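The values are calculated or read from the model by the stated rules, or taken from the named source; none is laboratory data. Quick caveat: nothing in here was measured; it's all calculated off a predicted structure. Cβ atoms come from the backbone with ideal geometry, glycine included; neighbour counts cover every protein chain shown. These area figures cover heavy atoms from the full protein model, side chains too; ligands, DNA and RNA do not enter into them. Shrake-Rupley method; radii C 1.70, N 1.55, O 1.52, S 1.80 Å.
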Amino acid sequence: MELKTSRNLLERARRVIPSATQTFSKGPTQWPRADAPNYLTRGAGAWVWDADGNKFLDCLMALGPIILGYGDKQVDAACARQMAEGTVFSQMHPLEVDVAEMLVDIIPCAEMVRFGKSGSDVTTAAIRAARAYTSRDHVIMCGYHGWHDWCIGTTTRDLGVPRAVAELTQTFAYNNVASLEAALDARPGQVAAVIMEPVGVIAPEPGFLEAVRDLAHRHGALLIYDEVVTGFRTHLGGAQERFGVIPDLACFGKAMANGYPLSAVVGKRDVMEVFDKIFYSGTFGGETVSLAAGKATIEALRDTDALARIQTHGTAFMAMAERLIEENGLRGVIKVKGFPERFLLDMSSEKGDQETRTRKTYFMQECARRGLLYYCLNVTCAAHGPEELAFSENVFREVLPLFARAHQANDFAARLQGPAIEPVFRQP
Ligand SMILES: Cc1ncc(COP(=O)(O)O)c(C=O)c1O
């Protein structure tokens, strides 16, 4: 496979772009150095073309934003129409009202809405709103919520985050009520918000989400759901609709507009009204092309079987992967975890994280060679169908026996054509 253009671009990028990327997960340390491309230039449905013209099936969908498929005709037509009218103006635009009303209709906790461009915009806005509403400073979080100080101060990449800010955020563990209780008890009357993804690839244990809500409220803190990933793949109303636990505020991003930059913080009226008093404002907050994309995307998800097709494909892919893992004697070595709309192939090794990354890199390398751009994380979109399933199955039928052989020989590292992928956050 010719990858010369990708590699040349990477060379140039290294000279002018720190880490060569805008998004760590897309950067050169996150993909196999051989065989996988670095630059993609075009997408259609679930397929993408790299800068050298190679075609791949994409299972990651730009890390989530692409929910209908690349180049969705309705969305792109709505954007083209809007682009011809204008992208931003000196006053507000009707689409702000239209899309806000749509969100109020579909999301259980949404009585009012503010928009942003990224997930980080709106999680940070939600935290500021919670701090203003409660007159408290501390935050307790579970998972990743964006690049801003209040979140990244808890990680191993905390360089540049003032200690005074980092000290205001604590973490708790998913499905572990006691860890939240301990964090709340340690800061009585000081916690403004508990923020979490309602679900990831691990299902909530019965009663867990309810217990978190009740604990947060008992301590006078707001419950914020980070639905940047779950909206709207998990359900049109978000995971809050699917699991029936309603937060005070919720943040949406990624897939809201099928790849156009749009995010939203939504919530109960009395909390959202605090936005009248705090400062959350930006030049591009009401940018119209992304709002047009959001409107068309939500219409498609609401009025067609797009979300049902995502469930159908994801379920079939998970079953196919389980079957082939079993057939190749890899049960317990590779585990399929998650839900049809978002699941991963977990190849964690008891030998530690470096071996896990080596195994994953080998799997990714062999898939990329065969035209499957595979991150071992499936983010299903509505354009994944029978053709994509058959293609993936053919690739897995070739790659899993290779993986089994490497596992038996215990020589994954020797089979890599370059270094293993690296962690974005060092292990503590
Ligand atoms: C759960 C979650 N919240 C927030 C964010 C931040 O979103 P963005 O990268 O658009 O700022 C992400 C990004 O991956 C995320 O996965």
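Taking the charge dipole of region 88-286 about its Cα centre, with +1 at Lys and Arg Cβ atoms and -1 at Asp and Glu Cβ atoms, the residue from SER135, ASN175, LEU236 reaching farthest to the positive side is SER135. When the GluC sites (Glu not before Pro) in region 268-327 are filtered for DSSP coil states and for at most 10 other beta-carbon atoms within 10 Å of their beta-carbon, no site remains. What the Cβ-Cβ distance of PHE89 and GLU205 gives, at R0 = 51 Å and to the nearest 0.05, is a FRET efficiency of 0.60. Rounded to the nearest 5, what is the percent of antiparallel bridges among the DSSP beta bridges in region 88-286? Roughly 40 percent of the beta bridges in region 88-286 run antiparallel, per DSSP. In a fully extended conformation the segment linking HIS217 and SER349 would gain 43.6 nm over its present Cα-Cα distance, using 0.36 nm per residue.
Using a Förster distance of 22 Å, how high is the FRET efficiency between ILE17 and TRP49, based on the Cβ-Cβ distance and rounded to 0.05? Mind dumping the intermediate values first?
Details: r = 22 Å, r/R0 = 1.00.
For ILE17 and TRP49, the calculated efficiency is 0.50.
Pairs of alpha-carbon atoms within less than 8 angstrom and 6+ residues apart define the contacts here; what relative contact order does the chain have, in percent? Before the final figure, lay out the partial values.
Numbers: 780 pairs, mean separation 95.0, N = 428.
Worked out over the chain, it gives 22 percent.
I want the antiparallel fraction of DSSP beta bridges within region 322-428, as a percent rounded to 5. Approximately 90 percent, going by the DSSP bridge assignments. List, in the order given, every pair from LYS295/LYS360; LYS55/LYS295; LYS4/LYS360 whose Cα-Cα distance in the structure shown is over 26 Å. Check vs 26 Å cut-off fails for LYS295/LYS360; LYS55/LYS295.
The length gained on full extension between GLN408 and ALA164, counted as 0.36 nm times the residue separation minus their Cα-Cα distance, comes to 82.8 nm.
In a DSSP loop and with at most 12 other Cβ atoms within 10 Å, the chymotrypsin sites (Phe, Trp or Tyr not before Pro) in region 86-172 are PHE89. Ellipticity at 222 nm from helices only: DSSP H runs of n ≥ 4 in the chain, each -39500 (n - 2.57), divided by the residue count, give -12500 deg cm²/dmol. Taking every DSSP beta bridge that has both ends in the chain, the antiparallel portion is near 60%.
The distance separating the Cα centre of region 133-186 from that of region 307-330 comes to 36 Å. Each label was represented as a point 7 Å from its Cα along the Cα-to-Cβ direction; for LYS73 and ASN176 these points are 5.0 nm apart. When only Cα pairs below 8 angstrom with a gap of at least 6 residues are kept, region 253-408 shows a relative contact order of 21 percent. When only the Cβ of Lys, Arg, Asp and Glu is charged (+1, +1, -1, -1), the dipole of the chain relative to its Cα centre reaches about 1180 debye. With the simple model of a label 7 Å out from the Cα in the direction of the Cβ, LEU63 to ASP270 spans 3.7 nm.
Length gained on full extension, ASP185 to GLU326: 46.2 nm, using 0.36 nm per residue less the C-alpha separation.
What part of the accessible area of the chain, given as a whole %, is carbon or sulfur when the probe is 1.4 angstrom?
Details: 9660 of 18850 Å².
The computed percentage sits at 51.
Computed with a 1.4 Å probe over protein heavy atoms only, the accessible surface of region 88-286 comes to 42 Å² per residue. Placing unit charges on each Cβ (+1 for Lys and Arg, -1 for Asp and Glu) gives the chain a dipole about its Cα centre, and among ASN8, ALA186, GLY385 the Cα reaching farthest toward its positive end belongs to ASN8.
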